[in-house]
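Colleague: Below you will find the structure I want to go over with you.
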Amino acid sequence: MKDETGAGAEGRDPEGRDPEAHDPEGREPGGRDPGLQPERTRLAWRRTTLSATVAGVLAAKQAIHDEVTAAGLVGAAGLVGAALCVLVWVGFLRVAHRRIVGLGTARPAALTPRAAVVAAGCTIALAAFAVAVVV
Amino acid sequence: MSAFIQSLRLWFTPQRIRDEGETPDYRFSLANERTFLAWLRTALALVGGGFAVDQFLPDLRWGVRVGLALALLAAGVLCALRAVNHWIRCERAMRRGEDLPVSRFPSVLALAVALVALVMVVVVLFGWAG
């Protein structure tokens, strides 16, 4: 919601500050990538988690807002909706956390398709929830 | 279309992607992953925009409000699906040593967002309220 400008350029920039300058392999003798690719990827996951949090908060607010009864109490449907939002959000956090832990090694493995599908699935679940609320 | 079904099968059978070609330099995989995440953030922002239109513009006519919200939400869903698909295709192309896939999706999304923005300008200018 707030960081797309930086994100687009950064995502498309595999070499960044050109780590090839000294070493044809692009790595320092310690096996560490001077381009800090794992760190940048980790921060990208954190930014995405933040975006998911904002969308989740909007969704939960919507669910509760729509179901406030005359007495000022939140209806059961609103609570269920909010709980679903929290569930989706926790699911996304779990994927992001596992990936962030996985990025802690010097030469991390590629993202698994399952993690990618789950992360995208959380986004789609929020959208489906929004459609249910809007219509 | 068969290429799409092929990559759809890859979504759910991750081990198959390792059967093809050679593992690329991990930095390229990570760059691909960051691009995927940037698209996912775009999708989340679109979904958030859909919520915001529904929530913060209660004075709009029902049809306009719901139409705008649904357009944004649909764009968000498409964006998320396409993010996974494009990520898989890039990963496979890198393994096979092929050129990276090209896509017209960014242009289509840009046009859709411009259209929504134009509608918003019209709504604000002519005050299609209540």
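The values are calculated or read from the model by the stated rules, or taken from the named source; none is laboratory data. Bear in mind that the values here come from a model prediction, so they are computed numbers and not experimental data. Backbone-built Cβ (ideal geometry, glycine too); neighbour counts: all protein chains shown. Note: areas computed on protein heavy atoms with side chains; ligands, DNA, RNA excluded. Shrake-Rupley method; radii C 1.70, N 1.55, O 1.52, S 1.80 Å.
Colleague: State which residue is nearest to residue B:53 (Cα to Cα) when the search covers only region A:50-65 and only residues that are crowded, with 22+ Cβ neighbours inside 10 Å and of a type in the set (S, T, N, Q).
Modeller: Going through the qualifying residues, I end up with A:62.
Colleague: Count, please, the residues in region B:68-116 that happen to be acidic (Asp, Glu) and either open to solvent by less than 30 Å² (accessible area, probe 1.4 Å) or touching a residue at least 40 places away in the same chain (Cβ under 8 Å) (or both).
Modeller: Counting residues in region B:68-116 that are acidic (Asp, Glu) and either open to solvent by less than 30 Å² (accessible area, probe 1.4 Å) or touching a residue at least 40 places away in the same chain (Cβ under 8 Å) (or both) gives 1.
Colleague: Moving on to the next point. For residue A:121, state whether it is in contact (Cβ under 8 Å) with a residue 60 or more places away in the chain, more than 7 Å from every other protein chain (Cβ to nearest Cβ) and either part of a helix (DSSP H, G or I) or surrounded by fewer than 17 Cβ atoms within 10 Å (Cβ to Cβ) (or both).
Modeller: no
Colleague: Given the conditions (1) within 9 Å of another protein chain (Cβ to nearest Cβ); (2) more than 16 Å from residue A:122 (Cβ to Cβ); (3) not aromatic (Phe, Trp, Tyr), report the number of the one that residue B:68 does not fulfil.
Modeller: Of (1) within 9 Å of another protein chain (Cβ to nearest Cβ); (2) more than 16 Å from residue A:122 (Cβ to Cβ); (3) not aromatic (Phe, Trp, Tyr), only one is false for residue B:68: (1).
Colleague: Among what's in region B:31-62 and is at the interface with another protein chain (Cβ under 8 Å from one of its Cβ atoms) and of a type in the set (Val, Ile, Thr), pick the residue that is least open to solvent (accessible area, probe 1.4 Å).
Modeller: Here the answer is B:47.
Colleague: How many of the residues making up region A:56-108 are within 30 Å of residue A:35 (Cα to Cα), modelled with pLDDT under 85 and aliphatic (A, V, I, L, M)?
Modeller: Residues meeting the conditions: 1.
Colleague: Taking the conditions exactly as written (modelled with pLDDT of 50 or more, within 21 Å of residue A:127 (Cα to Cα) and open to solvent by 60 Å² or more (accessible area, probe 1.4 Å)), does residue A:28 satisfy them or not?
Modeller: Judged against the criteria, residue A:28 is not a match.
Colleague: Scan region B:50-68 and tell me whether some residue there is modelled with pLDDT of 90 or more and of a type in the set (Val, Ile, Thr).
Modeller: No: zero hits.
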